[in-house]
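Working notes, beginning with the structure itself.
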Amino acid sequence: MGNLERDVKIRTRKTKITNAILITLVVGVAGMLNPQALVRAVLKDLKVPKDKRRSSQNVIYLARGRLMKRGLIKYEDGYWRITNEGRKIVEEIKRDSIGLPKPKRWDKKWRILIFDIREERKMLRDKVRRTLISIGFKRLQKSVWVYPYDCEDFVALLKADFKIGKDLLYIIADAIENDVWLRKEFNLE
């Protein structure tokens with residue numbers, strides 16, 4: 001592998017780790033996590049195999065230090081917290097990820113979103129619905145939406161942006177009863 005290829009691979013990996021840290025902090029409780037929880041969540045988000053976790057932890061520590069120097073996160077009272085500047089970066093990540101990519105082949109799994117937002121937050125509930133429609137989700141039932149492709153990163157950003165972490169549930173299902181109409185809606189066959 002040439003130097004250019006190696007450099008691009010390293011830069012891509014750093015970007016993924018940086019984004020994972022920022023998004024994890026935004027989705028975390030009140031925008032903060034203790035150091036161990038942050039590392040565990042990022043390792044899980046990046047799907048790092050157990051045998052490579054030790055070396056990956058060091059990379060996360062380095063990325064965390066770079067984010068702190070840039071003023072995107074800070075360490076206070078034993079917790080890592082995202083700053084307002086960090087939140088702006090997450091907003092940019094979110095804007096860049098809108099318009100979810102569609103793979104060449106469908107993996108035959110449905111991504112289902114279920115949300116339960118109280119009546120007092122009706123405007124937020126309507127905003128979530130409009131966002132899901134604009135992305136291409138189809139309504140299965142009143143607060144149940146379906147999409148055929150991987151959208152986990154989008155869901156994490158949606159939870160962070162609307163501050164609805166516990167109110168929105170992401171499910172991956174192998175089958176939906178009578179899904180012929182859905183397959184037609186998404187042009188899957």
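Values for this structure:
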read-out	value
Set ARG81, ARG111: member being touching a Cys at 6+ places or on another chain (Cβ under 8 Å) and at pLDDT 85 or above	ARG111
In region 156-180, residue modelled with the highest pLDDT [restricted to those that are of a type in the set (A, V, I, L, M, F, W, C) and buried (at least 17 other Cβ atoms within 10 Å of the Cβ)]	LEU168
Condition broken by ILE93, with the remaining ones in (1) closer than 27 Å to ARG139 by Cα; (2) loosely packed, with under 15 Cβ neighbours inside 10 Å; (3) in contact with a helix residue (DSSP H, G or I) (Cβ under 9 Å, 6 or more places away or on another chain) satisfied	(2)
Residue among ARG64, ARG54 that is more than 13 Å from the chain's Cα centre (by Cα), outside the structural domain of PRO148 (by TED's automatic domain parsing), surrounded by 18 or more Cβ atoms within 10 Å (Cβ to Cβ) and farther than 30 Å from ALA175 by Cα	ARG64
Hey, ARG70 modelled with pLDDT of 85 or more, charged (D, E, K, R) and surrounded by 11 or more Cβ atoms within 10 Å (Cβ to Cβ) or not	yes
Residue within region 118-126 that is within 30 Å of VAL39 (Cβ to Cβ), surrounded by 11 or more Cβ atoms within 10 Å (Cβ to Cβ) and among the hydrophobic types (A, V, I, L, M, F, W, C) present	no
Counted residues, region 14-28 - those being assigned to a helix (DSSP H, G or I) and without any contact (Cβ under 8 Å) to a residue 24 or more places away in the chain	2
Region 103-115 - residue that is touching a strand residue (DSSP E or B) at 6+ places or on another chain (Cβ under 8 Å) and charged (D, E, K, R) and, of those, nearest to LYS163 (Cα to Cα)	ARG111
Hey, LYS9 surrounded by fewer than 13 Cβ atoms within 10 Å (Cβ to Cβ) and either in the same structural domain as ILE164 (by TED's automatic domain parsing) or not in a helix (DSSP H, G or I) (or both) or not	no
Per-region count, region 161-174, residues more than 13 Å from LEU140 (Cβ to Cβ) and of a type in the set (Gly, Ala, Ser)	1
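The values are calculated or read from the model by the stated rules, or taken from the named source; none is laboratory data. Every value quoted in this text rests on a predicted model; they were computed, and no experiment measured them. Methodologically, a virtual Cβ is constructed for each residue, glycine included, from the backbone with ideal geometry; neighbour enumeration extends over all protein chains shown.
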